[in-house]
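Visitor: Below are the structure tokens for one structure; questions will follow.
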Amino acid sequence: IRSPKDYKIACTGNVLSVEEKGDVKIWDIEAFAVRDFAFVASDRFMVHTKKVGKTTVYSYYFTPKAGRRALKYAADAIGIYNKRFGKYPYSQFTLVEADFYIGGMEYPNLVLIDTSLYLDDSDDLLEIVTVHETAHQWWYGVVGNNQIEEAWLDEGLTEYSTLLYFKHRYGEKKMDKMKETRMGEGKYNALSVYTQGKDIDETIARPVYRFPDWIIYDFLVYGKGAMIFDSLSAEVGEKEMYSILSQYYEDNMFKNATLEDLLVACEKVTGEDYSVFFN
């Protein structure tokens with residue numbers, strides 16, 4: 001990448017070298033085994049880092065206090081997910097405060113978090129979105145799936161993983177509160193208010209373009225999607241649930257998974273067929 005010399009670049013992969021040539025810098029970047037490549041450039045970035053296992057976590061930000069908080073959220077999430085799902089296989093992960101209007105967006109090794117969430121009164125949302133996008137490094141980044149045809153498979157699992165973060169960082173009560181208000185049941189229960197009690201199709205296993213609008217998509221794919229995985233955990237038990245997710249992760253690293261692959265992981269761990277449960 002060729003950039004003005006006073007710019008910093010946050011990116012997928014590892015920066016091998018930065019060479020100055022007059023008024024420009026030449027960035028040489030290496031990115032192995034990734035699905036996309038993304039970068040963000042700014043001459044205003046401040047940067048802080050934190051090491052988690054073999055991964056260096058970077059926070060690129062304009063808003064100092066919130067930028068450091070976001071770094072802690074991401075680092076804590078990686079520590080939790082390393083233990084519960086399987087190790088993050090990359091040596092760096094970067095979160096970037098950016099002009100991204102819809103909240104957050106995931107890319108391999110890099111996530112965008114909208115600058116509006118860095119305001120002091122948005123702290124809960126900053127944590128939720130940061131952790132959600134970090135969980136996508138497992139469910140989308142390492143284990144891929146068709147995000148158009150089976151959006152629930154990564155989004156529902158990522159939202160459930162966000163709830164697990166709150167459980168392991170703050171305790172069961174905090175997770176239950178988040179589940180009842182902001183995620184899972186809380187989000188799903190808002191559906192009837194939004195639709196004014198009208199009877200609508202609540203199927204989540206359908207392509208993105210088959211949802212009436214993005215709000216119903218959000219309530220179902222994220223809210224109900226998280227509830228499905230929470231229900232599976234209640235049925236098999238917490239220990240078995242972590243084994244299922246670890247199995248699913250191990251079997252499908254650097255591949256594109258489907259519901260069938262998740263069913264295979266369930267059967268490997270429990271010895272039972274869970275296709276009726278998911279239907």
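The values are calculated or read from the model by the stated rules, or taken from the named source; none is laboratory data. Just so it is clear, the structure is predicted and the values come from calculations on it, not from any experiment. Here the Cβ positions follow ideal geometry from the backbone for every residue, glycine too, while neighbour counts run over all protein chains shown. Note: accessible area is taken over every heavy atom of the protein model, side chains too, but ligands, DNA and RNA are not part of it. Shrake-Rupley method; radii C 1.70, N 1.55, O 1.52, S 1.80 Å.
Visitor: List, in order, the whole-Hz ³J(HN,Hα) value for each residue of segment 267-274 obtained from phi through the Karplus relation with A = 6.51, B = -1.76, C = 1.60 and θ = phi - 60°; use x for Gly and Pro.
Guide: Along segment 267-274, the couplings run 6, 4, 7, 9, x, 10, 8, 9 Hz.
Visitor: Restricting to the chain, compute how many DSSP beta bridges are antiparallel as a %, nearest 5.
Guide: Roughly 65 percent of the beta bridges in the chain run antiparallel, per DSSP.
Visitor: Mind checking the angle between helix 225-236 and the chain's longest principal axis? C-alpha axes, 0 to 90 degrees, to the nearest 10.
Guide: Once rounded, one gets 60 degrees.
Visitor: From Cα pairs below 8 angstrom and at least 6 apart in sequence, can you work out the relative contact order of the chain, rounded to a whole percent?
Guide: Reported relative contact order: 14 percent.
Visitor: Additional query: Can you pull out the GluC sites (Glu not before Pro) in segment 174-229 whose DSSP state is coil and whose Cβ has at most 15 other Cβ atoms within 10 Å? Spell out each step's value before the answer.
Guide: Working: sites: GLU180, GLU185, GLU202; in loops: GLU202.
For GluC sites (Glu not before Pro) across segment 174-229 that sit outside H, G, I, E and B with at most 15 neighbouring Cβ atoms in 10 Å, the list reads GLU202.
Visitor: Pick out, in residue order, every one of the trypsin sites (Lys or Arg not before Pro) in segment 111-208 that is DSSP loop and has at most 11 other C-beta atoms within 10 Å; say none if there are none. Present the calculation step by step, with values, prior to reporting the outcome.
Guide: Numbers: sites: LYS167, ARG169, LYS173, LYS174, LYS177, LYS179, ARG182, LYS187, LYS198; in loops: ARG182, LYS198.
Of the trypsin sites (Lys or Arg not before Pro), the ones in loops of segment 111-208 whose Cβ has at most 11 other Cβ atoms within 10 Å are LYS198.
Visitor: What accessible area per residue comes out for segment 4-148, rounded to a whole number of Å², with a 1.4 Å probe?
Guide: For segment 4-148, the solvent-accessible area averages 45 Å² per residue.
Visitor: Follow-up. Name the trypsin sites (Lys or Arg not before Pro) in segment 1-80 that are in a loop by DSSP and that have at most 11 other C-beta atoms within 10 Å, would you?
Guide: ARG44
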